[in-house]
Structures are given as C-alpha cells and as structure tokens.
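Shown next, in structure tokens, is the structure this report addresses.
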Amino acid sequence: MALIDTHALAGKNDTDNIKVADHLGQSITYAESYTISSVKVYMMRLNDPGDIICELFAADGSGNPTGAALASVTVDAITLMPDQLVEDWREFTFDVPYAIVADTQYALSFRTTIGGGTIYATLADNTADNSYAGGTGFYSVDSGANYANLPYDYFFETWGEVGGGGGAAVNMLPINIAGAWAW
C-alpha cells in the first residue's frame, strides 16, 4: 500500500468537533486513478463518542458530499483512540476499497454515533491554511442534510494502490505473506 495524497500536519492551530449531527470532512481530487483502501486523519476524542464513521462520497460542484457513500468504515472510538485528549494520526481502513477515477472530486466525511456537549471526536486543522489545491474542508450541523465549506483544510493522508480506476468497489481479499497480512 502506498501513500497517495496528503495535506501534511504543518502549523496545526485548531481542532473542530465531530458529533452525531456535526459532520466534518475534506474534499479531495487526484490526478490519476487508484484504489483507495484507507484514510488517516489527525484526531482525538473526549469521553466516548461511540463509533466513528468514515465515508467516501462523490462530491458536488462545491466539494461537499452527494449521493450514497461509495466506501465506508465504522470504528469504535475507544479502540481507535484508547487515551482521551491525545492527538495522533488515526487510520480508517475501508470495508471494501474503492477505485478512484482520475480528475474527479470526492469527499471524505466523518461523524460519530454518540455525541453532544462534552462527548465528541475532533479533526485537526490550521485555520490559516487553505493550501490543499484538490479541495477544502466542509461541515454540516444537521446530520448531512446541508453542508458548507470552510476556509481551511483538515490534515489527512490517503493510502491505496496506484492504478484501479473504474469508480467501483473493488473486492480485495487480504493475503498472508511471511506472517504479515497485506491487500
């Protein structure tokens, strides 16, 4: 698996909260086709926000999610982040990898199953930096019914295999090579 794209952790000065109704995400665009299998984001949690759901969507003309999720994964927040208030890169490996089409914008969206008040997860950002040319940060405060763009980007990495390219889920079975599982 190779690092395909990143908006690196530089100048982090803020975090935004992910809750049940408060979805956060980042639109992304790639110059070539590849199969996306996982996403890493810089995040932490406060208390137990239940599960964190990471979804890949097609993006509308503004870079916001549209239609049904193309790929998704649900991860228990405490399993993913055992310690509260400790920021780090967290990986979300999609249940089924997805074949990204070159020069097409997609949206990575994050939400929780429990949250409100002091129960949430966060995504890290730099509010002075909107340098990722392939998209922008976005949010929804009404469970994804409406979205708005942010003037900054979230920190992310996308991982997968170069090539692919049909805009469809790709069934890849893990194999064991010398005691290590690989896609």
Of those in segment 63-85 that are at pLDDT 95 or above and among the polar types (S, T, N, Q), the residue farthest from Val101 (Cα to Cα) is Thr74
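When you look at Ala102, is it part of a strand (DSSP E or B) and among the small types (Gly, Ala, Ser), yes or no? Spell out how you get there, then give the answer.
Working: part of a strand (DSSP E or B): no; among the small types (Gly, Ala, Ser): yes.
So Ala102 fails the test.
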Considering only strands (runs of 3 or more DSSP E) wholly within segment 1-50, the ones with at least 3 residues that are more than 15 Å from the chain's Cα centre (by Cα) are 34-46
Taking segment 117-137 and keeping only residues that are of a type in the set (Ser, Thr, Tyr) and either closer than 18 Å to Ala77 by Cβ or surrounded by fewer than 19 Cβ atoms within 10 Å (Cβ to Cβ) (or both), one is left with Thr118, Tyr120, Thr122, Thr127, Ser131
Note on segment 31-51: residues within 18 Å of Asp125 (Cα to Cα), at pLDDT below 95 and either surrounded by fewer than 18 Cβ atoms within 10 Å (Cβ to Cβ) or touching a Ser or Thr at 6+ places or on another chain (Cβ under 7 Å) (or both) are Met43, Met44, Leu46
Report task. Scan segment 138-154 and give yes if some residue there is out of contact with any His (no Cβ under 8 Å at 6 or more places or on another chain), polar (S, T, N, Q) and surrounded by 14 or more Cβ atoms within 10 Å (Cβ to Cβ), otherwise no. Result -> yes
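Yes/no per residue for (1) in contact with a His (Cβ under 9 Å, 6 or more places away or on another chain); (2) farther than 23 Å from Ala10 by Cα; (3) among the charged types (D, E, K, R):
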| residue | (1), (2), (3) |
| --- | --- |
| Ile52 | no, yes, no |
| Gly63 | no, no, no |
| Thr66 | no, yes, no |
| Ser72 | no, yes, no |
| Leu85 | no, no, no |
| Gln105 | no, yes, no |
| Ile114 | no, yes, no |
| Tyr120 | no, yes, no |
| Asp125 | no, no, yes |
Among Asp60, Asp22, the single one that is surrounded by fewer than 23 Cβ atoms within 10 Å (Cβ to Cβ), at pLDDT 95 or above and touching a strand residue (DSSP E or B) at 6+ places or on another chain (Cβ under 9 Å) is Asp60
Quick count over segment 70-94, residues being among the hydroxyl-bearing types (Ser, Thr, Tyr), assigned to a strand (DSSP E or B) and surrounded by fewer than 15 Cβ atoms within 10 Å (Cβ to Cβ), is 1
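Given the residues Glu87, Glu55, Glu157, which is the only one that is over 22 Å from Ile36 (Cβ atoms) and under 16 Å from the mean Cα position of the chain (by Cα)? Outline the logic, then answer.
Details: Glu55 fails: over 22 Å from Ile36 (Cβ atoms); Glu157 fails: over 22 Å from Ile36 (Cβ atoms).
From the options Glu87, Glu55, Glu157, the qualifying one is Glu87.
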Given (1) of a type outside the set (Ser, Thr, Tyr); (2) surrounded by 16 or more Cβ atoms within 10 Å (Cβ to Cβ); (3) not in a loop (DSSP other than H, G, I, E, B), Gly67 misses just (2)
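The values are calculated or read from the model by the stated rules, or taken from the named source; none is laboratory data. Note that the coordinates shown come from a computational prediction; the quantities given were computed from them, not determined experimentally. Virtual Cβ from ideal backbone geometry, glycine too; neighbours counted across all protein chains shown.
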